[in-house]
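A short write-up of the structure that comes next.
The values are calculated or read from the model by the stated rules, or taken from the named source; none is laboratory data. What you see is a predicted model; the values in this text were computed from it and never measured. We place every Cβ from the backbone using ideal geometry, glycine too, and count neighbours over all the protein chains shown. For accessibility, only protein heavy atoms count, side chains too; no ligands or nucleic acids. Shrake-Rupley method; radii C 1.70, N 1.55, O 1.52, S 1.80 Å.
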Amino acid sequence: MSKITEVKELVEAGKSKKIGAAVQDALNAGGQPADILQAMVDSMSVVGDKFSAGEIFVPEMLIAAKAMSKGVDVLRPLMAGDNSASLGTCIIGTVAGDLHDIGKNLVSMMIESAGFTMVDLGVDVPAEKFVEAAKENDNVTLIACSGLLTTTMPALKEAVATIKASDLSNCKVIVGGAPVTPEFAAEIGADGYAADAGSAAVKAKELVK
Ligand code: B12
């Protein structure tokens, strides 16, 4: 079995204690950080499909998520780009009612590597909290809101509406998450949308330039 396949299987099985060493082994065997990350993202899709099929339940999703986070910790230093040219501060968070943070954390890592200073509000973030954080921090040029559940899409809409109704005229809003489409992002008045962490970084740069 290839080292990357091993990483994929350990995430699916939620083996948090073994994953760090396995990711390191995959790197030592010449694996590219982006490929190892993609293998872990693919694992989470498998986990989601098994949950949909009733083969696993919330605790198994949670332990797989923990394993993925531990694997990402090993890759993080290798994924950081040249952030010497500051594009300002980006406030990021997962919207109210939503506890998913793996995607948000990857997006944060990639936007940071594109040259932003990140302020991460975590999960279950009420709309007003994004505005407060944007006012409390210096030079906020971007707010990034993540939503993973169809049931929290209204919270995403509320977050964008609250930000747009505040006096943060120089601040752009980018949204994303599995149920979000470019059409939905446009409909709720977001300035930008991206489907994954890599394109989120590209879009983030584009929005503030
Ligand atoms: C892990 C997981 C959990 C973990 C989360 C742990 C954590 N720390 O994040 C736990 C166990 C807590 C959980 C709970 C629940 N979950 Co869940 N979960 C998942 C799972 C398996 C993986 C999510 C993930 O991490 N994916 C990997 C990352 C890398 O992908 P991503 O999040 O999509 O992020 C990428 C893009 O979307 C985008 N992106 C994300 N955010 C942003 C933000 C911006 C600004 C941009 C530009 C882009 C962007 O870029 C990211 C990186 O490329 C998914 C299945 C799936 N296929 O997604 C279900 C899934 C999302 N969960 C689901 C459900 C139903 C639930 C629960 C309601 C289950 C329950 N009965 O309790 C609860 C809800 C809890 C809550 N209130 O939030 C459903 C949602 C269905 C729906 N359409 O709404 C899914 C799809 C599973 C399924 N197939 O049914 N879950």
*May I ask you to rank Ile63, Ile188, Ile4 by accessible area, largest first, using a 1.4 Å probe over the protein chains only?*
Ile63, Ile4, Ile188
*Are there GluC sites (Glu not before Pro) in region 1-101 that DSSP puts in a loop and that have at most 12 other Cβ atoms within 10 Å, and which ones?*
Glu55
*asked:* For region 3-79, what does the convex hull of the Cα positions come to per residue, in cubic angstrom?
replied: 67 Å³
*Could you give me the ³J(HN,Hα) list for region 130-146, computed from phi with Karplus coefficients 6.51, -1.76, 1.60 and θ = phi - 60°, whole Hz, x at Gly and Pro?*
4, 5, 4, 5, 5, 7, 7, 9, 7, 6, 7, 10, 8, 10, 10, 10, 10
_What do you get for the angle between helix 33-52 and the principal long axis of the chain? Use alpha-carbon atoms, 0 to 90 degrees, nearest ten._
90 degrees
*Would you please put 146-155, 40-49 in order of how densely packed they are, using the mean number of other Cβ atoms within 10 angstrom per residue and starting with the highest?*
146-155, 40-49
*Take the Cβ-Cβ distance between Val202 and Ser69 as r, set R0 to 35 Å, and report the resulting FRET efficiency rounded to the nearest 0.05.*
0.90
*Can you give the angle from 0 to 90° between the axis of helix 16-28 and the longest principal axis of the chain, with both taken from C-alpha atoms, to the nearest 10?*
90 degrees
*What per residue convex hull volume, in Å³, do the alpha-carbon atoms of region 89-208 yield?*
79 Å³
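Given the DSSP H assignment, sum -39500 (n - 2.57) over each helix run of at least 4 residues in the chain and divide by its residue total; what's the result at 222 nm in deg cm²/dmol, nearest 500?
My calculation for the chain gives -18000 deg cm²/dmol from helical runs alone.
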*Percent of alpha carbon pairs in the chain separated by more than 29 Å?*
26 percent
_Helix 153-165 against the longest principal axis of the chain: what's the angle in degrees, Cα atoms only, rounded to the nearest 10?_
40 degrees
*What's the local net charge at Lys157, with K and R +1, D and E -1, over the other residues with C-beta under 14 Å away?*
-3
*Just going by the charge dipole of region 3-79, with Lys and Arg at +1 and Asp and Glu at -1 on Cβ, which of Thr5, Ala34, Ala67 is farthest out on the positive end?*
Ala67
_For Ala144, what residues show an amide H to amide H distance below 5 Å, using hydrogens built from the backbone and excluding near sequence neighbours?_
Ile91, Ile92, Gly93, Ile174
